[in-house]
1. Identify the residue in segment 167-196 that is loosely packed, with under 11 Cβ neighbours inside 10 Å and under 30 Å from Ser39 (Cβ atoms) and, among all such residues, is nearest to the chain's Cα centre (by Cα).
2. So which residues in segment 212-245 are touching a Pro at 6+ places or on another chain (Cβ under 6 Å) and modelled with pLDDT of 95 or more?
3. Suppose we filter segment 147-174 for residues that are farther than 15 Å from Ala202 by Cβ, aromatic (Phe, Trp, Tyr) and in contact with a strand residue (DSSP E or B) (Cβ under 6 Å, 6 or more places away or on another chain); how many remain?
4. Out of the residues in segment 37-76 that are charged (D, E, K, R) and in a helix (DSSP H, G or I), state the one that is nearest to Arg164 (Cα to Cα).
5. Scan segment 165-213 residue by residue and report those that are in a strand (DSSP E or B), over 30 Å from Ser244 (Cβ atoms) and not aromatic (Phe, Trp, Tyr).
6. Within segment 62-85, which residues are surrounded by 14 or more Cβ atoms within 10 Å (Cβ to Cβ) and over 19 Å from Phe210 (Cβ atoms)?
7. Condition first: polar (S, T, N, Q) and farther than 26 Å from Leu221 by Cβ. Can you find one or more residues in segment 161-172 that meet it?
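The values are calculated or read from the model by the stated rules, or taken from the named source; none is laboratory data. The structure presented is a predicted model; accordingly, all values stated were derived computationally and were not measured. Every residue, glycine as well, gets a Cβ built from its backbone with ideal geometry; the counts of neighbours run over all protein chains shown.
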Amino acid sequence: MKPTTKMWLSVVAVIRLMVAAAAADDRVVRPGQQFMGKSYNELVGEWANWLVVEPTATNPAFYLDGRFCDRNQKGNVWFLASTFGEVATRTCKVPPGKAIFFSLGGVFISFSPDFPAADVPCFALTTELEKVRCDVNNDVSLAPNISFEVILDGVAVEDLFAYRAQSPPGGFTLRVPTQSLLTDPSFTAPQPPFSSGDRSPAVGDGYFLFVKPLKPGVHTLHLLMTTPGQPDTDTGVNYTLIVSP
């Protein structure tokens, strides 16, 4: 093969990769933008309420096969869960026309009156909202060095640290039913479970992606959060998403 032919093929390969990457980016809502009338900030609070509403026995975050991924889904945005300490392989059926919102990992939720503890500096702030916002900011900022990987249909999503999002400036109400993740002793141990009831203000903060509706058919979504030097702490999901016609 002539050198000029090799160079031409290399250029074509690079162009194809650039087009594929652009296509992946086109499917992801950019930070600060709205889609379907929803912003990242709003969806952080909605996702948090979706995550905590089910106890461990039926919570989507605790099953490797994805059997409960349709729990409590409503509206135009479909939520996905990661895991609490392992890499899962899940298959999830998604109705057509649904945008998808999920956590990459490194997410923390703080809510009054349970946080912050009286022995941390955030507790000295004036308002409850300032206290919980300070608490969750510290949790995210002081978390160990982490890295993320998201591959949608074989194409990596770039610049994932740009997708840090926090719930709205006024906070949100975290709703804790009697049977929920936070009232479940098997999840909260060794500390006691939380009591049921609304918690306000609450603040969520971390890394999320908001994906526009996928075409009908089978899609793959690979999520991975790693902590350098700590391979046994990897969390994530290899999703097969089946979008109905």
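1. At the first step, the residues of segment 167-196 found to be loosely packed, with under 11 Cβ neighbours inside 10 Å are 169-170, 178, 189-192.
Checking the rest, the ones that are also under 30 Å from Ser39 (Cβ atoms) come to 169-170.
Values: Pro169: 19, Gly170: 21 Å.
Once the filter is applied, the top-ranked residue is Pro169.
2. Filtering segment 212-245 for residues touching a Pro at 6+ places or on another chain (Cβ under 6 Å) gives 216, 227, 243-245.
Within segment 212-245, Pro216, Val243 qualify.
3. Here is the first cut: in segment 147-174, the ones farther than 15 Å from Ala202 by Cβ are 147-164.
Narrowing further to those that are aromatic (Phe, Trp, Tyr): 148, 161, 163.
Among the residues that remain, those that are also in contact with a strand residue (DSSP E or B) (Cβ under 6 Å, 6 or more places away or on another chain) are: 148, 163.
Number satisfying all stated conditions: 2.
4. If we filter segment 37-76 for residues that are charged (D, E, K, R), which is where we start, we get 38, 42, 46, 54, 65, 67, 70-71, 74.
Remaining after also requiring in a helix (DSSP H, G or I): 42, 46.
Working: Glu42: 13, Glu46: 16 Å.
Per the stated criteria, the residue is Glu42.
5. Gln166, Thr173, Leu174, Val176, Gly197, Asp198, Arg199, Ser200, Pro201, Ala202, Val203, Asp205
6. Hits for segment 62-85 are Phe62, Tyr63, Gly66, Phe68, Arg71, Thr83.
7. Kept after step one, since they are polar (S, T, N, Q), are these residues of segment 161-172: 166-167.
Of the ones still in play, those that are also farther than 26 Å from Leu221 by Cβ are none.
No, every residue in segment 161-172 fails to be polar (S, T, N, Q) and farther than 26 Å from Leu221 by Cβ.
Residue by residue, here is whether (1) over 26 Å from Asn72 (Cβ atoms); (2) modelled with pLDDT of 95 or more; (3) surrounded by fewer than 16 Cβ atoms within 10 Å (Cβ to Cβ) holds:
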| site | (1), (2), (3) |
| --- | --- |
| Ala143 | yes, no, yes |
| Glu149 | yes, yes, yes |
| Val155 | yes, yes, no |
| Ala165 | no, yes, no |
